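Contents: one structure, followed by commentary.
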Amino acid sequence: MSTFDLIIRGGTVVTASDRSRCDVGIRDGKVVALADRLTDAGRIIDATGRLVLPGGIDAHCHLDQPRAQGLASGGAVMADDFESGTRSAAFGGTTTIIPFAVQHRGQSLRAAVADYHRRAAGKAYVDYAFHLVVSDPTAAVLGQELPALVEAGCTSLKVYMTYEAMRLSDMQILDVLARAKELGALVMVHAENFECLTWLTEKLEAAGKTAPKYHATSRPMAVEREATHRAITLAEIADTALLIVHVSGREAADEIRRAKQKGLNIRAETCPQYLLLTEADLDLPGFEGAKCMCSPPPRDKASQAVLWQGLSDGLFDILSSDHAPYRFDAQGKKLHGLQAPFRKVANGIPGLETRAPLLFSEGVAKGRIGLEKFVALNSTNAARLYGLYPRKGTIAVGSDADIAIWDPEKVVTIRNADLHHNVDYTPFEGMTVTGWPVTVLSRGEIICDGDTLYGEKGKGRFLECGVPGPVGAVSRQDKSGERKEPSWISA
Ligand code: DUC
Ligand code: ZN
Ligand code: ZN
């Protein structure tokens, strides 16, 4: 028997803190050696001239969520399930995803999670964890269900300040924040002011302004800025951590910077669409602009510059896709027809496969961020944030061998026809990127090589998240009073 199952030879191994030319030895799905020259393996991958990076972690994506009214979807169908979504992720160098188990009002949170486990079972190509969405924080949910789910490894949850069927009042958000603090869970927030955007939407509709471009008009930067400020204030009052997700505008970014400068425990996420698209992309002929409709909407060039600055200087902790797989057909964006007012069009765009290549190309290849920062934003910070580090998010002895081998010079023009999701468009169609992951491993097994899928569906496993980094100071206690570590530490 060989010493290693696999050696990745001669590449440049990059982590969030350093880089070195070395071989990576893998056995039983884990990295077991990093050294100048390793020998004796069942298989050797020549990575000369390549970058050997931790697999990406897309910590914000939506897959196979049940249809419902009063949500971002407007009743549209999600075209990607755990099979097509994780396949697409893998081809883009992402080896862990964290989608959302959504509680609908009146529903038990535990039932929502049980349903989501059923949807994922036997389908995933890469490992996955779940965030929760809490839309009905009853005494039973906060008192019994949430603690049980945190114990079961769902240690992060999202709350909404908008959408009729999802939004919580400030008082409810305070209740959730306070409970999450006790449990050692991390709260994420969708920060848009519901009443302001509803008021603006009604005015626009009364004036007959219902085309996709008015989606952006109905949700100006102030709508996001105010809600971001309020959410930060609520976290300050509850004296706990908060993650602001999908930040789009420079004004919201300013609020986050101020909060961080004050020493508040605020974390932030942005997405490729806010770095690369603007409001003008919603203003295309006919219904085309709906392809770039998401909430919050893309902003302006000045916001893009502020977000890039924030990615490079640590304002933003992670870059996620917010993959929301609505097709451009009658099941998706066109569910209510081509003349549908923007209010009825599904909010969200696909991006699991293009997330990391876009960050690499626009960030590293264009000199906006260094390689180590890319690894941090693409992988390591999400692992730390959500209690998966160092099992995921790095290349170190003992870590899972989730690895993406990148050709930093490969030039790819993004075409939806070449992507592996089940959505019939990409908002990034025709963009040319430099750098692409050419070989991708999940726990030591090659799942993609070039255009070929080698992974087996169903091999991706559910990950129990440990204590999230920002709330790491809080000790989670089990019934015996002992601190509960993430299961993989004791495994
Ligand atoms: N919020 C998300 O996080 N994703 C899609 C749409 C939305 O409103
Ligand atoms: Zn959201
Ligand atoms: Zn989302």
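The values are calculated or read from the model by the stated rules, or taken from the named source; none is laboratory data. Nothing here was measured: the structure is a model prediction, and the numbers come from that model. Virtual Cβ from ideal backbone geometry, glycine too; neighbours counted across all protein chains shown. Each accessible area value is taken on the protein alone, full model and side chains, heavy atoms only, with ligands, DNA and RNA left out. Shrake-Rupley method; radii C 1.70, N 1.55, O 1.52, S 1.80 Å.
What aspartates and glutamates could a cross-link reach from residue 334, if we take a straight Cα to Cα line under 13 Å and drop same-chain neighbours fewer than 8 places away?
By straight Cα distance, residue 334 reaches 288, 424.
Cross-link partners among aspartates and glutamates for residue 459, C-alpha distance below 12 Å, same-chain residues fewer than 8 apart left out?
Those aspartates and glutamates meeting the cut-off are 83, 127, 445.
For the residue pair residue 36 and residue 107, what label-to-label distance in nm results when each label sits 7 Å from Cα along the Cα-to-beta-carbon direction?
5.7
For the chain, with the dipole built from +1 on Lys and Arg beta-carbon atoms and -1 on Asp and Glu ones, taken about the Cα centre, which of 14, 135, 31 lies farthest toward the positive end?
The residue sitting most towards the positive pole is 135.
With a 1.4 Å probe and all protein chains in place, put 306, 245 in order of accessible area, largest first.
Correct descending sequence by accessible area is 306, 245.
Calculate, in nm to one decimal, what residue 236 and residue 452 gain on full extension: separation in residues at 0.36 nm each, minus their alpha carbon distance. Provide the component values of the computation, followed by the final result.
Numbers: separation 216, 0.36 × 216 = 77.76 nm, distance 4.89 nm.
Here the segment from residue 236 to residue 452 would lengthen by 72.9 nm.
Before rounding to the nearest 500, sum -39500 (n - 2.57) across all DSSP H runs of length at least 4 in the chain and divide by the residue total; then give [θ] at 222 nm in deg cm²/dmol.
-7500 deg cm²/dmol
About the Cα centre, and with charges only on the beta carbon of Lys, Arg (+1) and Asp, Glu (-1), how big is the dipole of the stretch 207-350? Nearest 20 debye, please.
Dipole size: approximately 360 debye.
Checking the cross-link filter: which aspartates and glutamates have an alpha carbon closer than 13 Å to that of residue 344, excluding same-chain neighbours under 8 positions apart?
The qualifying aspartates and glutamates are 164, 202, 205.
Along the Cα→Cβ direction, 7 angstrom out, place labels at residue 209 and residue 20. What is the inter-label distance in nm?
About 5.9 nm separates the two model spin labels.
So if R0 is 60 Å, what FRET efficiency would residue 2 and residue 262 give, r being the distance between their Cβ atoms, rounded to the nearest 0.05?
0.65
Taking each full run of DSSP H in the chain as one helix, which ones are at least 27 Å long along their axis (Cα atoms) and have mean Kyte-Doolittle hydropathy of at least 1.6?
none
How long is the gain from residue 138 to residue 182 if the chain were fully straight, where each residue apart is worth 0.36 nm and the alpha carbon distance is subtracted?
14.2 nm
So how much slack lies between residue 411 and residue 336, counting 0.36 nm per residue of separation and subtracting their Cα-Cα distance, in nm?
Working it through step by step, the gained length comes to 23.2 nm.
Using just the Cα positions, wrap the stretch 1-79 in a convex hull and report its mean projected area in square nanometres, one decimal place.
With every direction weighted equally, the projected area is 8.3 nm².
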